[in-house]
1. Could you please let me know if GLN86 is within 30 Å of GLN178 (Cα to Cα), surrounded by 13 or more Cβ atoms within 10 Å (Cβ to Cβ) and not assigned by TED's automatic domain parsing to the domain that holds GLN180?
2. All but one of (1) exposed (fewer than 14 other Cβ atoms within 10 Å of the Cβ); (2) of a type outside the set (Phe, Trp, Tyr); (3) without any contact (Cβ under 8 Å) to a residue 60 or more places away in the chain hold for ARG111; which doesn't?
3. Identify all residues within the range 308-354 that are surrounded by fewer than 17 Cβ atoms within 10 Å (Cβ to Cβ) and within 16 Å of the ligand (Cβ to nearest atom); write none if there are none.
4. Which numbered condition trips up ILE357, out of (1) within 12 Å of the ligand (Cβ to nearest atom); (2) farther than 29 Å from ILE262 by Cα?
5. Tell me which helices (runs of 4 or more DSSP H) are completely within the range 321-434 and hold 1 or more residues being in contact (Cβ under 8 Å) with a residue 40 or more places away in the chain and among the aliphatic types (A, V, I, L, M), or say none if there are none.
6. Checking ASP124 against (1) of a type in the set (Asp, Glu); (2) out of contact with any strand residue (DSSP E or B) (no Cβ under 9 Å at 6 or more places or on another chain); (3) in a strand (DSSP E or B), which single condition isn't satisfied?
7. Looking at (1) in contact with a helix residue (DSSP H, G or I) (Cβ under 8 Å, 6 or more places away or on another chain); (2) at pLDDT below 90, which is the one condition that is false for GLN86?
8. Only one of these is farther than 21 Å from GLN200 by Cβ and either in contact with an Asp or Glu (Cβ under 6 Å, 6 or more places away or on another chain) or not in a loop (DSSP other than H, G, I, E, B) (or both): PHE136, PHE154, PHE158, PHE181. Name it.
Amino acid sequence: MRPTVLLRGYSVEVRRLLIILSLCALVGLWLDHVVWALLVGSLFYLAWMVWQIRRLNLWLLRKNDEPPPESSGIWGDLFDNIYHLQRRQVQEKNSLQAVINRVQETSAALRDGVIVLDWRGCLDWWNPSAQRLLGFHSSDQGKSVINFIRHPRFVSYFEEGDYSEPLEVPSPRFTSKQLQFQVTRFGRNERLIVVRDVTQLHKLEQMRQDFVANVSHELRTPLTVISGYLETLSDSGTDLSPPWQRALAQMQQQSKRMSLLINDLITLSKLETTESGHNHKPVNLEPLLHTVKSEAQALSADKSQTITLEVQTPGLQLQGNEKELHSAFSNLVTNAVKYTPAGGKIAMRLWQAHQQIFFSVSDNGPGFDSKHIPHLTQRFYRVEQSRNSGTGGTGLGLAIVKHVLLRHDGELQITSEPGVGSIFTCVFSPPPMSH
Ligand code: ADP
């Protein structure tokens with residue numbers, strides 16, 4: 001449509017020019033000065049053009065919404081077209097502003113804090129909840145987020161750049177509050193942080209951990225007393241009738257099981273409640289595994305299993321807590337001894353590859369279907385209830401292994417085939433040693 005409109009204005013303009021020049025030529029003929037008359041006419045037309053350009057310029061310079069000056073021909077079209085273009089731009093700007101306002105209203109209504117950071121990690125925009133939770137002021141725009149959330153765990157989480165898991169740290173503003181930070185990258189290395197107040201959840205989790213720890217500690221003393229009396233009774237057991245002797249033996253077995261359970265619960269709650277990374281020292285893995293092997297041999301004495309230890313990379317060290325690593329390795333080997341029938345083979349292997357340290361325990365025991373693998377490290381999960389009745393397991397062993405590995409930059413890989421055997425592999429990916 002626009003070209004025809006422009007063309008109409010253009011033809012009006014050409015006609016206007018021709019009429020002016022024809023009139024000038026006629027006057028020129030009458031006065032006998034055609035060239036001069038044409039020159040005067042052209043100059044008049046040029047002056048008129050310059051005046052129109054000046055009007056256009058003055059109108060463009062006026063910032064208000066004034067309609068364009070009246071004009072005809074090509075200038076009239078030009079004024080109208082520019083005016084329409086301006087109107088359309090204003091409308092588009094208004095609708096974009098409406099979208100921005102809506103987004104801002106929505107994020108203002110969010111209970112979670114939302115922070116947008118630029119590529120340098122400096123504050124670009126935040127919603128009122130973020131302001132409330134972290135105490136930002138409008139003058140803080142452009143300042144680094146690290147200036148406001150100084151907790152060392154947040155600083156290393158933010159700088160390391162692995163945001164696959166959210167991070168929980170105490171609020172920098174109210175120490176009684178616990179905040180969860182989830183960072184997402186977008187655009188050109190800009191970052192979006194969602195801040196959530198998880199104080200209530202944290203309290204509940206704390207209560208659960210405290211409850212388990214307290215109950216386990218409280219149960220320990222009465223159980224020690226009961227086991228003590230049971231021992232005394234069985235020492236003088238010769239006076240008891242055979243049914244009583246059987247009952248006593250069973251009571252002793254169950255109290256031993258209960259004490260194992262309590263010890264495992266205490267170990268687990270310690271792993272959950274203490275900050276990882278404390279007291280980490282270089283641990284020599286080879287001697288540790290020799291100890292675990294001799295303990296396993298003692299345990300499997302009457303099952304005559306073959307237990308081997310193959311160290312493919314000698315002298316391996318791991319930065320960690322020796323007691324925790326011992327407990328994890330020993331749980332894996334103990335399971336292999338427990339579940340592998342008499343005469344079976346259990347192989348422990350230690351090696352290093354691609355900066356990772358591997359420790360595996362394989363057995364030719366009963367194995368299990370792969371559908372169980374994702375659940376094995378859950379507390380009290382058992383592949384078959386009946387299989388475990390005689391093993392004296394607590395159902396917490398692999399949960400302990402998982403927790404220990406998590407605290408040592410490691411993970412547990414499990415493969416198993418029913419009737420063939422199982423392989424449990426600990427894979428450690430230690431951060432490069434700083435010299
Ligand atoms: P438990 O104290 O019952 O052994 P764990 O957490 O150590 O508990 O193990 C969970 C379950 O995984 C066990 O109950 C058992 O069913 C299965 N399991 C663990 N290790 C082996 C293994 N080497 N061979 C076969 N099954 C195993």
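1. On the way: within 30 Å of GLN178 (Cα to Cα): no; surrounded by 13 or more Cβ atoms within 10 Å (Cβ to Cβ): yes; not assigned by TED's automatic domain parsing to the domain that holds GLN180: yes.
Taking the combined requirement at face value, the residue does not satisfy it.
2. All conditions pass for ARG111, except number (3).
3. THR308, PRO341, ALA342, GLY343, LYS345, listed by residue number.
4. If we test ILE357 against (1) within 12 Å of the ligand (Cβ to nearest atom); (2) farther than 29 Å from ILE262 by Cα, just (1) comes out false.
5. On the way: elements: 322-339, 385-389, 397-406.
By residue number, 322-339, 397-406.
6. (2)
7. Answer for GLN86: the failing condition is (1).
8. On the way: PHE136 fails: either in contact with an Asp or Glu (Cβ under 6 Å, 6 or more places away or on another chain) or not in a loop (DSSP other than H, G, I, E, B) (or both); PHE154 fails: farther than 21 Å from GLN200 by Cβ; PHE181 fails: farther than 21 Å from GLN200 by Cβ.
So the residue among PHE136, PHE154, PHE158, PHE181 that is farther than 21 Å from GLN200 by Cβ and either in contact with an Asp or Glu (Cβ under 6 Å, 6 or more places away or on another chain) or not in a loop (DSSP other than H, G, I, E, B) (or both) is PHE158.
The values are calculated or read from the model by the stated rules, or taken from the named source; none is laboratory data. Since we're looking at a predicted model, the values are computed, not measured. Here Cβ is always computed from backbone atoms with ideal geometry, including for glycine, and neighbour counts include all displayed protein chains.
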